[in-house]
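Trainee: Here's a structure for you.
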Amino acid sequence: MSKIVVDPITRIEGHLRVEAEVSGGKISNAWVSGTMFRGIETILKGRDPRDAWYWTQRFCGVCTTVHSIASIRAVEDALKIPVPPNAQLIRNIIIAIQNTQDHVIHFYHLHALDWVDITSGLKADPVKTAQLAASISDWPNNSPTYFKSVQDKVKAFVASGRLGPFANAYWGHPAYKLPPEANLMATAHYLEALEWQKDIIKIHAILGSKNPHPQTFLVGGMSIPIDPDSQNALNADKLIEIKRLLHKAQEFVEKVYIPDLLAVASFYKDWAGIGAGVGNYMCYPEFPDAAGKPWLPGGAILNRDISKVVPLDQKKITEHVEHSWYQDAGSEGKGVHPWEGSSEPNYTGPKPPYQYLDTDKKYSWVKAPRYEEKPMEVGPLSRVLVAYVSGHKETKAAVDLVLKKLGVGPEALFSTLGRTGARGIDCLVIAQQAPKWLDELIGNIAKGDLRIHSNELWDPSTWPAEAHGYGWHEAPRGGLGHWIKIKDQKILNYQAVVPSTWNASPRDAKGQAGPYEAALLGTPVADPEKPLEILRTIHSFDPCLACAVHVLDATGNEMVRVKAS
Ligand code: NFE
Ligand code: MG
């Protein structure tokens, strides 16, 4: 048996470490550690609850909108503040475009190179690449000249010897299966996606005055004025520009992302049997309409039983810190509900440089959230499964289409490949829905409804002496919850339980592994010096450790690349 350490896992946000035991060419045990501490929940205490969205938004620079949404919802829930339809629709559009941009960036820039060998594309025949591209999509950039130009660009880049983020990739690894032409096509789209995402995210700049971290969130609505005729408001010109950009977003997903995903997946079907994880999937309801009814259902699927969706009760959510560097009450073996939780650091790990973490004790800055004491996977796969089983029309159609094209059954979804495929499906259905929310918004404005926030209960003197609430949101990486307690108009306690906290969870008090840890079990490792397969499964979750742990380890952790012993 050998133990390998991958630290840091790259092409993710934040610091993540994996320690894995490998025997017989497969992972037999794994521990996942967030090696970074952030203290934003703690510094919220004593602040005005109406400002919390602005602070929590800084949890992360990747999902730049999600903590604002969860935060304003938590305060609105605590103080029973209504939200006008126009604000719900604008929030839905902001959420949708965050999701679309995030998933495309994840697929091409954070995950594709686990499957696509760019160097192999240098051997591709541009004519055959053009034929391949035309056979899977009518996306216009598909001429031999175009693919030759991409190949020349990559050749010049390699010849420069300055490979930057590509320098340490495992080029030529035997686990790469795509033919050179598919590798070249995917490389071309990697570059196109960079340009595309820069454009479509302008929607956030229009609706939020800036991106990342839009500025127009507000408890009780949004702070962007609507006036079809004013330059300084959401006017007719801006709405038309949003429409154009939403169309551009949708078209790229339909004509580039999904065809590429299917093409790549068809070479890696063995990964439909690897990386299953904990088998429990959870998502929160999302995209409320004017009456607050969600477009996507929430719920849980337990033990991979897709015959039913179990309704959620927020009271059943707890966090454990038995194996996490915190001093919550949970360290006595019991999970704590977020309203009662704290995030006071308590680092007990080894002083760097160290070889291994003490995985029998505390070993991560990530807490272990549990639903009814069970570890839960969150994210696009959970969203898609819950929507599919609930009979959500658009999701069901997209899932059936993808499964049919790949010639696999729904059980294939419980895997590394399924997770990556579900992200594409999630992206597609949401990108196709977003223009409908814009049409609804335009319809409302045309009827003369310009309301964008409710003034009710804005004045703190009208608030009860004590209140508590929670806000749920489906962020790109999954279920995000913020819990708030308010006393004398100030924040008494604030806890965020974040998607990557669920997925990157360490063991809990009962020793149950978290989703990344469980998913690594059985993953083949062909070459322990180049653990590409570990990256495939971990990246399939789209980790974000900045979010998960919400100030860097003061001692600064040594960065060990890969160690095999
Ligand atoms: Ni920092 Fe985040 C998302 C949140 S992840 S990316 O999506 O919330 O856990
Ligand atoms: Mg937290």
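The values are calculated or read from the model by the stated rules, or taken from the named source; none is laboratory data. Everything numeric in this text was worked out from a predicted model, so none of it was measured. Neighbour counts run over all protein chains shown; Cβ positions are idealised from the backbone, glycine included.
Trainee: Taking L218 as meeting all but one of (1) in contact with a Phe, Trp or Tyr (Cβ under 9 Å, 6 or more places away or on another chain); (2) loosely packed, with under 15 Cβ neighbours inside 10 Å; (3) farther than 24 Å from A422 by Cβ, write down the number of the exception.
Mentor: Among (1) in contact with a Phe, Trp or Tyr (Cβ under 9 Å, 6 or more places away or on another chain); (2) loosely packed, with under 15 Cβ neighbours inside 10 Å; (3) farther than 24 Å from A422 by Cβ, L218 violates only (2).
Trainee: Exactly one condition in (1) within 21 Å of P311 (Cα to Cα); (2) buried (at least 24 other Cβ atoms within 10 Å of the Cβ); (3) touching a Pro at 6+ places or on another chain (Cβ under 8 Å) is false for S390; which is it?
Mentor: (2) is the only condition that S390 fails.
Trainee: Would it be correct to say that A526 is more than 16 Å from ligand 2 (Cβ to nearest atom) and not hydroxyl-bearing (S, T, Y)?
Mentor: For A526, the condition - more than 16 Å from ligand 2 (Cβ to nearest atom) and not hydroxyl-bearing (S, T, Y) - is met.
Trainee: Another question, then. Would you point out which residue out of A519, A467 is on the phi < 0 side of the Ramachandran plot, among the hydrophobic types (A, V, I, L, M, F, W, C), surrounded by fewer than 20 Cβ atoms within 10 Å (Cβ to Cβ) and away from ligand 2 (no atom under 16 Å from the Cβ)?
Mentor: On the way: A519 fails: surrounded by fewer than 20 Cβ atoms within 10 Å (Cβ to Cβ).
Going through A519, A467 in turn, the sole match is A467.
Trainee: On to the next question. Does G279 count as buried (at least 22 other Cβ atoms within 10 Å of the Cβ) and closer than 30 Å to P369 by Cβ?
Mentor: Criteria not met by G279.
Trainee: Separate question: Name the one entry in G481, G443, G511 that is modelled with pLDDT of 95 or more, closer than 30 Å to G279 by Cα and either in contact with a helix residue (DSSP H, G or I) (Cβ under 6 Å, 6 or more places away or on another chain) or more than 16 Å from ligand 1 (Cβ to nearest atom) (or both).
Mentor: Only one candidate qualifies: G511.
Trainee: Could you please let me know if D358 is more than 16 Å from ligand 1 (Cβ to nearest atom), in contact with a Pro (Cβ under 9 Å, 6 or more places away or on another chain) and of a type in the set (D, E, K, R)?
Mentor: yes
Trainee: Sticking with this one: Cβ contacts < 7 Å: first residue over 24 Å from D48 (Cα atoms), restricted to the stretch 445-465; second residue part of a loop (DSSP other than H, G, I, E, B) and not charged (D, E, K, R), any location; separation 6+ or different chain. Result?
Mentor: What qualifies is I445/P228; R451/P84.
Trainee: Look through K351, K405, K361, K334 and report the one residue that is away from ligand 2 (no atom under 16 Å from the Cβ) and either in a helix (DSSP H, G or I) or crowded, with 21+ Cβ neighbours inside 10 Å (or both).
Mentor: After applying the criteria, what remains is K405.
Trainee: Name the one entry in I425, I430 that is assigned to a helix (DSSP H, G or I) and away from ligand 1 (no atom under 16 Å from the Cβ).
Mentor: Every option except I425 fails the conditions.
Trainee: Sticking with this one: Out of V309, V378, V384, V321, report the one residue that is within 16 Å of ligand 2 (Cβ to nearest atom) and out of contact with any Cys (no Cβ under 8 Å at 6 or more places or on another chain).
Mentor: V321
Trainee: Go through the stretch 1-34 residue by residue and tally those that are under 19 Å from the mean Cα position of the chain (by Cα), crowded, with 16+ Cβ neighbours inside 10 Å and outside any strand (DSSP E or B).
Mentor: Residues flagged as under 19 Å from the mean Cα position of the chain (by Cα), crowded, with 16+ Cβ neighbours inside 10 Å and outside any strand (DSSP E or B) within the stretch 1-34 amount to 6.
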